[in-house]
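As structure tokens, the structure follows; a few thoughts come after it.
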Amino acid sequence: MAKAKNMDVVGKWAFLAGVVLAAVVGVISPSSGVWTMALVVFGLVIGLLNVTGKEVTPFLISGAVLILSSALGGSTLSTLPYASPIFEALLSVFVPATIIVAVKNVFILARD
């Protein structure tokens with residue numbers, strides 16, 4: 001039980017760190033390959049550790065909306081100085097997280 005609680009804490013901190021890091025990376029170092037890879041890793045950790053069974057549907061809906069609004073908002077708000085890179089960095093976090101949660105959900109549905 002203690003191990004599950006520790007993993008829950010890791011997932012929550014990964015979520016917070018991923019969002020904050022995405023905003024910081026978008027401002028100071030847009031389109032850096034190393035930072036983008038770090039954000040993708042945070043997204044994978046979020047998807048694997050942070051979403052429980054009852055949170056799957058709200059997370060997938062919120063993730064889909066966030067992905068769509070970040071993708072469209074990045075191009076629409078490209079005239080604002082830091083908006084587009086921040087949206088791209090958020091995509092680097094939430095696309096992998098949403099994909100992992102969706103795949104886990106498909107396996108759960110197939111098992112039932």
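Structure above, values below:
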| read-out | value |
| --- | --- |
| Odd one out for Val51 among (1) within 16 Å of the chain's Cα centre (by Cα); (2) free of Cβ contacts under 8 Å to residues at least 12 places away in the same chain; (3) not in a helix (DSSP H, G or I) | (2) |
| Qualifying residue in the stretch 62-79 (condition: among the β-branched types (Val, Ile, Thr), modelled with pLDDT under 90 and more than 17 Å from Lys12 (Cβ to Cβ)) | yes |
| Those residues of the stretch 20-34 which are part of a helix (DSSP H, G or I), within 12 Å of Leu90 (Cα to Cα) and not aliphatic (A, V, I, L, M), in sequence order | Gly26 |
| Hits in the stretch 54-112 (condition: assigned to a loop (DSSP other than H, G, I, E, B) and closer than 21 Å to Ser29 by Cα) | Leu77, Ser78, Thr79, Leu80, Pro81, Tyr82 |
| Which listed residue, of Val103, Val56, is aliphatic (A, V, I, L, M) and either in contact with a Phe, Trp or Tyr (Cβ under 7 Å, 6 or more places away or on another chain) or in contact (Cβ under 8 Å) with a residue 24 or more places away in the chain (or both) | Val56 |
| Residue ID - nearest to Ala22 (Cα to Cα), chosen from residues in the stretch 50-61 that are at pLDDT below 90 and crowded, with 20+ Cβ neighbours inside 10 Å | Asn50 |
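The values are calculated or read from the model by the stated rules, or taken from the named source; none is laboratory data. What you see is a predicted model, and the numbers here were worked out from it, not measured in a lab. Every residue, glycine as well, gets a Cβ built from its backbone with ideal geometry; the counts of neighbours run over all protein chains shown.
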